[in-house]
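Written below as structure tokens is the structure these notes are about.
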Amino acid sequence: MGPKTLCLGLFCVLLASHNYITLPGNIEELWKVIALDVVAKTCTFVAMCFENIGIMRYEEFISIIFRLDYTQPLSDENITVTDTAFVDIPVRLYLPKRKSEAVRRAVIYIHGGAYCFGSFKQRSFDFLNRWTANKLDAVVVALDYRLAPQHLFPTQFEDSIAVVKFFLQDEILTKYGVDPARICISGDSAGATLAAAVTQQVQNDLKIKHKIKIQTLLYPSLQVIDSYLPAHRENEHGIVLTREIAIKLLSLSLTKHEGFPQAMKRNQHMPLESRHLFKFVNWSTLLPEKYRKDHVYTEPILGRFSLPVPALMDIRASPLLASDSQLQNLPSTYILTCQYDLLRDDGLMYVTRLKGVGVQVAHDHIEDGIHGALSFMTTPLYLNLGLRIRDMYISWLDKNL
Ligand SMILES: *[C@@H]1O[C@H](CO)[C@@H](O)[C@H](O)[C@H]1NC(C)=O
Ligand SMILES: *[C@@H]1O[C@H](CO)[C@@H](O)[C@H](O)[C@H]1NC(C)=O
């Protein structure tokens, strides 16, 4: 195939995709976003073909693409970067080289990837964590967790909290010169689910001496019990993340039952005994009017899917299910949400709930934001939006940690 045919082919795909997704006009670098979306949807298409033909599973193909982007730990003039393990779980440490008399601030970063993909080794996360260590003169601990579908939830949570508990010990904080009173937990997407769940656990556990000073949740996923929120309806065929793929990936991490994704697509995946939980994700009361628009609230149908999926009622998979008294102990929180994001309403509802119990919340909503933008900070998948999010995140961290 000559380069001309290739270009023509790409152009056609671009055109076709532009027709089936109605991209909002206010998006910055619109053509780049379209190109990214075409790449993402083409990868999805190929992965689905491979799965249907029986060559390899969907998630195996996508994993290969993710791995192409992994980096080695590379120190620079300011930061020593090393890959090591805390309680057998891989971490990448960023330690500032500058001599310091005082103890430093620390950030624990948990990467996204729908529990199925990714690592702190991805170029964008390596870049972000190095940037954080440099700008804040902070110690950064980036952690990996075992991935789905080989490891079902709550493995991802258990690995994350094991690293956090290990790090919060006196002798470890002393070893790395960290101030126990100035520690942050951050994450994006599914990493933000883990960050929120770990923070809830640490703050409410009397046995843990040192607490978290702040948490930052970047376009977080915070519940798996209602799959038909306004954001799910508006972004069903969303840029980069579609409802179908989100449900497919989430299902892979929650259960091996085959009929589950279909049930979730119809919002009929929850058991009868979960009725009392829906008040925690009732968007008709928790979502500001601006986002409710004229969407009509419909009660999810319960009890249709009868096989047990324990993770569904687990607060660690859905931090929004925490009670008010559990939320009260949470530290000052930063939440970033994006308008064109399937997960938008999870973050918005958490803002409402945290404010409702008196937790300090800073909320940035990006009107032209799309999901996963932090993964697009390095060439060739570079978006200015990624840098904007990075800068908002770093500036809040710097002022509040
Ligand atoms: C190291 O820090 C200095 C001073 O903050 C900065 O100008 C320089 O760009 C940093 N180097 C790297 C590789 O980030
Ligand atoms: C959600 O809130 C609405 C009121 O806005 C109420 O009518 C409905 O019963 C609530 N649903 C659940 C499951 O709590």
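Within the chain, the ratio Rg/Rh, alpha carbon atoms throughout and Rh by Kirkwood, equals 0.96. Net charge dipole, the chain: roughly 360 debye, given to the nearest 20, about the Cα centre with Cβ charges of +1 for Lys and Arg and -1 for Asp and Glu.
Using the alpha carbons alone, the radius of gyration of segment 139-199 stands to its Kirkwood radius in an Rg to Rh ratio of 1.00. Once backbone amide H atoms are built at 1.01 Å from N, Thr216 has Ile185, Ser186, Gly187, Tyr334 as its partners under 5 Å, excluding neighbours fewer than 5 places away on the same chain. Note on Gln262 and Val103: the model spin-label points, each 7 Å out from Cα along the C-beta direction, lie 5.6 nm apart. The length gained by stretching the chain between Gln72 and Tyr382 to full extension, at 0.36 nm per residue less their Cα-Cα distance, is 109.6 nm.
Which order do the peptides 102-108, 374-380, 140-146 take when ranked by the mean count of other beta-carbon atoms within 10 Å per residue, highest first? Spell out each step's value before the answer.
Numbers: 102-108: 20.1, 374-380: 18.3, 140-146: 24.9.
So the peptides 102-108, 374-380, 140-146, ranked by packing, come out 140-146, 102-108, 374-380.
Measuring max minus min along each principal axis, the C-alpha atoms of segment 37-147 give extents of 61, 31, 19 Å (largest first).
Taking θ as phi - 60° and the Karplus parameters 6.51, -1.76 and 1.60, the scalar couplings of segment 343-360 work out to 8, 3, 5, 4, x, 4, 6, 5, 4, 4, 5, 5, 4, x, 9, x, 6, 6 Hz in sequence order, x denoting glycine and proline. Cα centroids of segment 95-138 and segment 228-280: how far apart, whole angstrom? Answer, in whole Å: 31. In sequence order, segment 252-263 has phi-based couplings of 4, 8, 9, 7, 9, 5, 5, x, 4, x, 4, 4 Hz under the Karplus curve 6.51 cos²θ - 1.76 cosθ + 1.60, θ = phi - 60°, and Gly or Pro positions carry x.
Cross-link pairs exceeding 25 Å between alpha carbons, from the set Lys32/Lys290; Lys135/Lys209; Lys175/Lys207; Lys265/Lys355; Lys175/Lys213; Lys355/Lys399: Lys32/Lys290; Lys135/Lys209; Lys265/Lys355. Calculated over segment 359-401, the projected area of the Cα convex hull averaged across directions stands at 3.7 nm². Applying the Karplus relation 6.51 cos²θ - 1.76 cosθ + 1.60 with θ = phi - 60° to segment 139-149 yields 3J(HN,Hα) values of 7, 10, 10, 9, 10, 10, 9, 5, 9, 7, x Hz, where x marks Gly and Pro.
Maximal additional length on extending the Lys175-Asn204 stretch stands at 7.9 nm, based on 0.36 nm per residue less the C-alpha distance. For the pair segment 141-195 and segment 342-369, the centres of their Cα atoms are 22 angstrom apart. Per q in 0.19, 0.20 1/Å, what log10 I(q)/I(0) does a Debye calculation on the alpha-carbon atoms of segment 269-401 return? After summing over all Cα pairs, the log10 values are -1.20, -1.25.
Every number in this text was worked out from the coordinates using simple rules, so none of it is lab data. Keep in mind that this is a model prediction, so the values were computed, not measured. FYI the Cβ positions are ideal-geometry reconstructions off the backbone, even for glycines, and counts take in every protein chain you see.
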